[in-house]
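Input: a single structure, listed below in structure tokens.
FYI, it's all coordinate maths here, none of it is from the lab. Nothing here was measured: the structure is a model prediction, and the numbers come from that model. Counting neighbours? That spans all protein chains shown, and the Cβs are built from the backbone with ideal geometry, glycine included.
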Amino acid sequence: LERSEQRSGAGRDGGSVRGWRVVHSIGTDPCTRPEDGDVDVPIGDNLALVLRGRPLPAADRRILAAFAAQAALALEQRRLTEAAAEAGPLAETDRIRTALLAAVSHDLRTPLASAKAAITGLRGGDVAWTRDEQAELLATADESMDKLTRLVDNLLDMSRLQAGALSVFPRPVGVDGVIPHALDELGPPARNVEIQMPEELPDIHADPALVERVLVNLVSNALRYSPTGTRPVITASALDDRVEIRVIDRGPGIPAENRDRVFQPFQRLGDRDNTTGVGLGLALSRGLAEAMGGSLSTDDTPGGGLTMVLSLPAAWSVRQPVPARAADD
């Protein structure tokens, strides 16, 4: 038994507002108060071992007191274990919240400030902008809003993934159809990407919109870390019942011991500020890949660099639902 706060009930002193609760019991009719038992062994101020059956002699009570002390220690260890188990997720949630606030505070402000400055400049009547200057300001505002949209989309999709509420609509789709759409979303920088596709490649069974999201994140990372004078490469190949899409760069790569960390939210290895995004891209990309029955992993680029491997099921390997046939009249 353990003392617990309650508005009414008898305690060891009688008339106390602190009652007793059963912590653990054996049998179908446990004692709910020390007075209910034949043997009452106090353990400190708040615990008591109560037995029912027959009174015990003093020698047996001493042995029972030693057993009660061990039982109290086991109870405390169990509570500490439960507290540690509860503290782990809370600490992780707090870490993510802190990282999110620190990163988003910059990444939301930067595109907003750029777009605001460009629009304010265009609306102001004190400066006569040339046509080229107006086009540059509009391009700045448009690019800033695109960055803001991608950031918000990533945050929303990550929250949906963690809540298990992301909608996935897989269907057979050609790889040569989703890659151009992903590069179009990246705009002019994507012109520096080289595509090497085999003449014959099976369709994949995936959600085209989600595959494009994954490729946008992977290619944007490859462009960011590719040294000047090198071009990221996208290749694809069939392997058994899978199709692998590889995004290859010649950048600094990632040490083997940090490969798993890059897929955790808010990880930007090597970054010392928040100027390169909130670190959701790879975490979200892996989540989207797994939601489609695929996987996302890292590999070394021969000669130096990083290769991201997106593996998705081939369309022919996935059993398609058979349309219901109308009954014959």
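Take the Cα of Ser237, step 7 Å toward its Cβ, do the same at Arg123, and the gap between the two points is 5.5 nm. Note the full-extension length gain between Ala163 and Asn258 as 0.36 nm times their separation in residues minus their Cα-Cα distance, in nm to one decimal. Taking 0.36 nm per residue and subtracting the Cα distance, the gain is 31.6 nm.
Provide the FRET efficiency to the nearest 0.05 for the Met145-Arg191 pair, computing r from the beta carbons and using R0 = 30 Å. Here the calculated transfer efficiency is 0.90. Between Ala83 and Thr28, the contour length at 0.36 nm per residue exceeds the Cα-Cα span by 16.9 nm.
Once a ≥ b ≥ c are taken as the square roots of the eigenvalues of the Cα gyration tensor of region 135-272, is the result rounded (a/c under 1.5), prolate (a/b larger than b/c) or oblate (a/b not larger than b/c)? Rounded shape, in that the Cα axes give a/c under 1.5.
Where does each of Ile234, Ile26 land when they are ranked from fewest to most other beta-carbon atoms within 10 angstrom?
On the way: Ile234 23, Ile26 6.
Going from sparsest to densest Cβ surroundings: Ile26, Ile234.
Which order do Val214, Val127, Val41 fall in if you start with the one that has the fewest other Cβ atoms within 10 Å?
On the way: Val214 29, Val127 8, Val41 21.
Lowest to highest Cβ neighbour count: Val127, Val41, Val214.
Tell me which GluC sites (Glu not before Pro) from region 189-240 have a DSSP coil assignment and no more than 15 other beta carbons within 10 Å of their own.
Working: sites: Glu194, Glu199, Glu200, Glu212; in loops: Glu199, Glu200.
Qualifying residues, ordered by number: Glu199, Glu200.
Exposure proxy for Asp146, Asp45: other Cβ atoms within 10 Å of each Cβ, ordered fewest to most, give Asp45, Asp146.
Take every Cα pair under 8 Å in region 171-317 that's 6+ residues apart, average their separations, divide by the length, and report that relative contact order as a whole percent. Here the relative contact order equals 27 percent.
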